[in-house]
1. Could you work out how much longer the chain between T88 and F21 gets when fully extended? Use 0.36 nm per residue separation minus the Cα distance between them, nm to one decimal.
2. Just order 45-51, 93-99 by mean Cβ neighbour count inside 10 Å, highest at the front, would you?
3. With unit charges on the beta carbons (Lys and Arg positive, Asp and Glu negative) and the dipole taken about the Cα centre of segment 8-54, which residue among F43, L31, F8 sits farthest to the positive side?
4. Only four residue types carry charge here, +1 at the Cβ of Lys and Arg and -1 at the Cβ of Asp and Glu. Report the dipole size of segment 8-54 about the Cα centre in Debye, rounded to the nearest 20.
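Here, each number is a calculation from the coordinates, and none is a lab measurement. This structure is a prediction, so every number in the text was calculated from the model and none was measured. Cβ sites come from the backbone with ideal geometry, for glycine too, and all protein chains shown count toward neighbours.
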Amino acid sequence: MKIEAIKFDKIKIFFKKLPRFLGERAFFTFLGLLFIFLIFAAFLFYKYIFLVERVQPEIAEEPLQFNEKLFQEILEKFDERERKFKETDLKQYPNPFAGTVPVEEKGEGELTE
């Protein structure tokens, strides 16, 4: 049994001729692509809408419990963030432009401070 090698030249020629072939038959190309996309959309609709409605959710046996310790840790973090945020209003930041003296123009190109 002899296995034939794949001839890439024939594949390359096919893909070079494909756009022209599809362009000459634009209406049938449109109908074919429309049909493909309608099948794809029907599949998505079936998977995400129809199947979801048919599956019944399982009810958990044990009730939900509130974790008080975790809740207190989260409240402490929020309080610390709020405290840091309010501290920024009290801190005095130096003005980086306070030490410079403005330069004024005088006459024909003479600059003085």
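1. Answer, rounded to one decimal: 17.3 nm.
2. Most protected by this proxy first, the peptides run 45-51, 93-99.
3. Checked the options; the winner is F8.
4. 260
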